[in-house]
1. Output the residue which, of all residues in region 91-126 that are of a type in the set (S, T, N, Q), within 22 Å of Thr205 (Cβ to Cβ) and not in a strand (DSSP E or B), is farthest from ligand 1 (Cβ to nearest atom).
2. Can you tell me how many residues in region 193-250 are in a loop (DSSP other than H, G, I, E, B), under 15 Å from Arg135 (Cα atoms) and in contact with a His (Cβ under 8 Å, 6 or more places away or on another chain)?
3. If you check His19 against the conditions, is it within 13 Å of ligand 1 (Cβ to nearest atom), closer than 16 Å to Ala199 by Cα and out of contact with any strand residue (DSSP E or B) (no Cβ under 6 Å at 6 or more places or on another chain)?
4. What is the number of the single condition among (1) assigned to a helix (DSSP H, G or I); (2) closer than 26 Å to Arg15 by Cα that Ala139 does not meet?
5. Could you check how many residues of region 40-55 are surrounded by 16 or more Cβ atoms within 10 Å (Cβ to Cβ) and of a type in the set (S, T, N, Q)?
6. Only one of these conditions is not met by Asn182: (1) away from ligand 2 (no atom under 16 Å from the Cβ); (2) within 22 Å of Gly158 (Cβ to Cβ); (3) outside any strand (DSSP E or B). Which number is it?
7. Take Gln124 and decide whether it is farther than 24 Å from Val166 by Cβ, at pLDDT 95 or above and not β-branched (Val, Ile, Thr).
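The values are calculated or read from the model by the stated rules, or taken from the named source; none is laboratory data. Bear in mind the structure is a predicted one, so any value in this text is a computation, not a measurement. Glycine gets a Cβ as well: all are built from the backbone with ideal geometry, and neighbour counts include every protein chain shown.
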Amino acid sequence: MAVSIKTEREIGYMRESNHRLEKVFDALEKIIRPGITTREIDREARRLIQEQGGVPNFVKEGFPGAVCTSVNEEVVHGIPGDRALQEGDIISLDCGLILNGYHSDAARTYAVGEISEEKRKLMQVTKESFFEGIRYARAGHHLHEISNAIGDYCESRGYGVVRDLVGHGIGRELHEDPQVPNFRQKSRGLRLAAGMTLAIEPMITQGTWEVDWLDDGWTVVTKDRKPAAHYENTILITDGEPEILSRTHE
Ligand code: MG
Ligand code: MG
């Protein structure tokens with residue numbers, strides 16, 4: 001599949017879809033606390049997405065929830081259920097919606113009450129690596145400059161970079177070409193052009209980058225069961241600075 005260049009009209013739809021997702025995240029952040037179950041978070045995500053006039057895109061992809069709730073050693077695709085959050089946990093929420101046929105996609109890792117300095121640092125480096133990567137997300141640069149920047153930033157600080165899962169193009173489909181790895185690549189990759197929309201999503205671990213896929217068919221956990229963090233935004237490539245379409249007020 002060729003990498004799509006969005007028209008002004010499509011960019012407008014992408015902005016709106018992601019803007020509404022931003023509102024969903026703003027509200028979800030407020031309910032994260034010890035005692036809440038991941039199912040309750042999912043229920044609230046569904047309600048909020050509906051309130052925004054959107055459709056939860058993960059449900060359409062076959063995932064058993066409107067939001068992925070990945071706790072501690074769970075990297076991504078944690079299934080909402082009976083698990084109650086505990087003080088000291090970190091939880092990654094990965095969520096997206098469809099509005100007017102266009103997808104939005106973002107992820108954040110949140111602290112549950114007071115967390116260890118180790119976990120706080122992991123969350124911080126994960127988020128910083130996203131911003132390090134998108135310094136190269138502009139027309140004329142090559143895709144893998146983003147991958148290299150993210151990977152080098154994390155690995156030079158002693159963190160693991162998940163290789164089994166990557167970022168992606170996004171638009172009328174949740175996952176479009178190209179794939180956007182978060183670790184150093186041998187080739188330069190695609191030449192970026194204005195109008196491309198990408199979901200950039202470093203998944204960073206405290207220990208090994210290797211992961212296991214659980215028997216539930218979805219949940220991805222670190223092989224050493226050390227914690228992982230996830231930070232994702234949908235961005236628009238322009239001739240200058242990229243526009244972060246899904247950025248919440250942080
Ligand atoms: Mg996502
Ligand atoms: Mg994504």
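1. Only one residue fits best here, namely Ser116.
2. 2
3. no
4. With (1) assigned to a helix (DSSP H, G or I); (2) closer than 26 Å to Arg15 by Cα applied to Ala139, the lone miss is (1).
5. Count: 1.
6. (1)
7. Taking the combined requirement at face value, the residue does not satisfy it.
Per-residue answers, yes or no, for (1) touching a residue at least 24 places away in the same chain (Cβ under 8 Å); (2) among the charged types (D, E, K, R); (3) on the phi > 0 side of the Ramachandran plot:
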site	(1), (2), (3)
Leu122	yes, no, no
Glu132	no, yes, no
Asp152	yes, yes, no
Gly167	yes, no, no
Val180	yes, no, no
Gln185	yes, no, no
